[in-house]
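Participant: Submitted below is the structure of interest, expressed as structure tokens.
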Amino acid sequence: MSVELKWLKDGTITSAKGFLAGATYSGIRTYTEDKLDLGIISSESPCTVAGTFTTNQIKSPSVVLDQRRVASGRAQAIIINSGIANACVGDQGMTDALEMAELAAKHLDIDPELVLACSTGLIGVELPMALIRSGVPKVQLTADVNGGHALGRAIRTTDTISKEFAVSFDVGGNTYLLGGIAKGSGMVHPNMATMLAFMTTDAPVEQQFLQEALSKSVDSSFNMITVDGDTSTNDSVIIMANGAAGGDTITSGSPGEEAFRQALNEVSIALAREIARDGEGASKLIQVTVEGAVTESDARAAARAVAASTLVKSAVHGGDPNWGRIMVALGYSGAELEESHVALYISDVCIMEEGRPIPYFKDAVVLTMSGPEISLRLNLNLGDGSATAWGCDISEEYVTFNSAYTT
């Protein structure tokens, strides 16, 4: 069942009722004009909370702390710094994560156990806690969009743009808002990436359902993007629901279930697409859709393999319709295949059908590949499984940037 969603023109994480946000420049990062590096998102009341986190076995202590607190099912605020990841620094990392949460709690006058702490940036450097101690009191939280926009800027590292969206949806006469922000540009790969995403909703949502809905949504959004094949130590997607808009609690099987799932999915996909679009050095967004797979799992594996292929990324960067590279990636994806059934489309131009190439106007395809978005579609013609993954081209700028990241 499709639900009508309304996208907010200036939507962000403070679009939902009862949420405030703000950010400041604390000195963690090298100063540039309008630079922000420390921020907070807070609810006027405790929330149900859910989260998904990095699958990397090397985890930031901030992630370990947040996993423990999210498991309790309740939270009220998140403090975030950019510039330093608080990872691979030994026991000091947990000490600092706990202090960050305590500093935010004191600033907000709430229970420290209800505060999560997130960090992103350079690995192997301790957090400059003196700067954070002096910076937290300077964070002025507001409930308007400016607070959300400021936080969206503060969480960025190598990002060139902020990623912010919000939608409204109706359930039983109540209008609810769900908004979010995200950061991510490099070290991005399926099964969470070097990214942070935070979402809020004023809908009343039962915690167990909130966690299940978020996990499922992440599988079809943030776990379907890739920039460079690396998975980070700090990846986190967190959603808080405060119920400020009233109404009956949304649970699995309740009248609001489908509307909430759709809102969550659409905002998650929108944020994920922008992360892929903003890949380090990227100039083109690649969308890979796989249809007709035996299972959805096969479709996801195939779509991710094609989107992650360095050779496919290079071909897209050069506007070269070298479709053999797409077939190679499909072949090693692990998805069940029959070559004689495969159909391939580049920008809706059929390149292969029934496993055989067919004539096409190469110049026309090259022209479509010069745009900012490239679509690749594969039909395996074996079943009903389908999935979409997003990636970006790889360029000389990516290599140049990452060859001198710390110098």
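Bear in mind these aren't lab numbers, they're just calculated from the coordinates by the rules spelled out. What you see is a predicted model; the values in this text were computed from it and never measured. Every residue, glycine among them, receives a Cβ derived from its backbone with ideal geometry; neighbour counts consider all protein chains shown.
Participant: Within 10 Å of each residue's Cβ, count the other Cβ atoms and sort LEU141, LEU127 from fewest upward. All intermediate terms of the calculation are to be shown ahead of the outcome.
Facilitator: Working: LEU141 20, LEU127 26.
Result, fewest neighbours first: LEU141, LEU127.
Participant: Can you list the HN-Hα couplings for the range 82-90, worked out from phi with the Karplus curve (6.51, -1.76, 1.60; θ = phi - 60°), rounded to whole Hz and with x for Gly and Pro?
Facilitator: 10, x, 9, 7, 6, 10, 6, 10, x
Participant: Right, something else. What do the square roots of 5 times the Cα gyration tensor eigenvalues come to for the chain, in whole Å, largest first, as semi-axes of the equivalent ellipsoid?
Facilitator: Values: eigenvalues 274, 127, 62 Å².
Whole-Å semi-axes of the equivalent ellipsoid: 37, 25, 18.
Participant: Which far-off residues, 5 or more places away or on another chain, put their amide H under 5 Å from the one on THR54, with H placed in the peptide plane?
Facilitator: ASP235
Participant: Follow-up. Calculate, for LYS138 and THR175, the FRET efficiency according to 1/(1 + (r/R0)^6) with r their C-beta to C-beta distance and R0 35 Å; round to the nearest 0.05.
Facilitator: Working: r = 34 Å, r/R0 = 0.98.
Efficiency at R0 = 35 Å is approximately 0.55.
Participant: Rounded, prolate or oblate: pick one for the range 285-402, where a ≥ b ≥ c are the square roots of the eigenvalues of its C-alpha gyration tensor, a/c under 1.5 means rounded, and failing that, prolate if a/b is larger than b/c, else oblate.
Facilitator: Values: a/c = 2.08, a/b = 1.32, b/c = 1.57.
Taking the square roots of the gyration eigenvalues as a ≥ b ≥ c, the range 285-402 is oblate.
Participant: If I take every Cα pair under 8 Å that is 6 or more residues apart in the chain, average their sequence separation and divide by the length, what percent do I get for the relative contact order? Walk me through the intermediate numbers first.
Facilitator: Working: 1081 pairs, mean separation 71.5, N = 407.
Contact order relative to length: 18 percent.
Participant: Ordered by residue, what ³J(HN,Hα) values in Hz, to whole numbers, does the range 17-28 give under the Karplus form 6.51 cos²θ - 1.76 cosθ + 1.60, where θ = phi - 60° and Gly and Pro are x?
Facilitator: For the range 17-28, the Karplus curve yields 5, x, 10, 10, 8, x, 7, 8, 9, 9, x, 5 Hz.
Participant: Would you work out the charge dipole size for the range 285-402 about its Cα centre, treating the Cβ of every Lys and Arg as +1 and the Cβ of every Asp and Glu as -1, and quote it to the nearest 20 debye?
Facilitator: Details: 7 positive and 16 negative charges, 39 e Å.
That gives a dipole near 180 debye.
Participant: Provide, for the range 6-277, the number of lysine pairs with alpha carbons under 26 Å apart, each pair being eight or more places apart or on different chains.
Facilitator: So the count of such lysine pairs works out to 26.
Participant: A further question on this structure: Select from the range 3-46 those GluC sites (Glu not before Pro) which occupy a DSSP coil region and have at most 12 other Cβ atoms within 10 Å, ordered by residue number. Let's see the in-between values first.
Facilitator: Details: sites: GLU4, GLU33, GLU44; in loops: GLU4, GLU33.
Qualifying residues, ordered by number: GLU4, GLU33.
Participant: So, one more: What ranking of LYS183, LYS284 emerges when the number of other C-beta atoms within 10 Å of each C-beta is taken as an exposure proxy, fewest first?
Facilitator: Listing LYS183, LYS284 from fewest to most nearby Cβ atoms yields LYS284, LYS183.
Participant: Go through the range 361-374 residue by residue and turn each phi into a ³J(HN,Hα) via Karplus (6.51, -1.76, 1.60, θ = phi - 60°); whole Hz please, and just put x for glycine and proline.
Facilitator: 7, 4, 4, 5, 5, 4, 5, 5, 7, 8, x, x, 10, 10
Participant: Under a cut-off of 20 Å between alpha-carbon atoms, report the lysines in cross-link reach of LYS362, not counting same-chain residues fewer than 8 places apart.
Facilitator: By straight Cα distance, LYS362 reaches LYS284, LYS313.
Participant: Say the dipole of the chain comes from +1 at the beta carbon of Lys and Arg and -1 at that of Asp and Glu; which of TYR31, PRO255, GLY148 then lies farthest toward its positive end?
Facilitator: TYR31
Participant: Could you work out how much longer the chain between VAL328 and ASP91 gets when fully extended? Use 0.36 nm per residue separation minus the Cα distance between them, nm to one decimal. Please report the intermediate quantities before stating the final value.
Facilitator: Details: separation 237, 0.36 × 237 = 85.32 nm, distance 4.48 nm.
Result: 80.8 nm gained on full extension.
Participant: Next question. What does the charge dipole of the chain about its Cα centre add up to, to the nearest 20 debye, if the Cβ of each Lys and Arg holds +1 and the Cβ of each Asp and Glu holds -1?
Facilitator: Working: 28 positive and 49 negative charges, 132 e Å.
About 640 debye.
Participant: Under the rule of at least 5 residues apart or a separate chain, name every residue whose amide H is placed under 5 Å from the amide H of THR295.
Facilitator: Close amide H contacts, sequence-distant or interchain: GLY385.
Participant: Moving to a separate point now. Express the relative contact order of the range 285-402 as a whole percentage, based on alpha carbon pairs under 8 Å and six or more residues apart in sequence.
Facilitator: Numbers: 247 pairs, mean separation 54.8, N = 118.
Relative CO of the range 285-402 lands at 46 percent.
Participant: If you count, for each residue, the other Cβ atoms within 10 Å and average over each peptide, how do 154-163, 207-216 line up from highest to lowest? Walk me through the numbers on the way to the answer.
Facilitator: On the way: 154-163: 21.4, 207-216: 18.4.
By packing density, highest mean first, the sequence is 154-163, 207-216.
Participant: Related question: Taking amide H positions as placed in the peptide plane 1.01 Å from N, state which residues far from MET352 in sequence (5 or more) or on other chains have amide H under 5 Å from it.
Facilitator: LEU344, ILE358
Participant: Positive end of the dipole of the range 285-402, charges at C-beta (+1 Lys, Arg; -1 Asp, Glu), about the Cα centre: which of PRO321, TYR345, VAL288 has its Cα farthest in that direction?
Facilitator: Farthest along the dipole direction, towards plus: PRO321.
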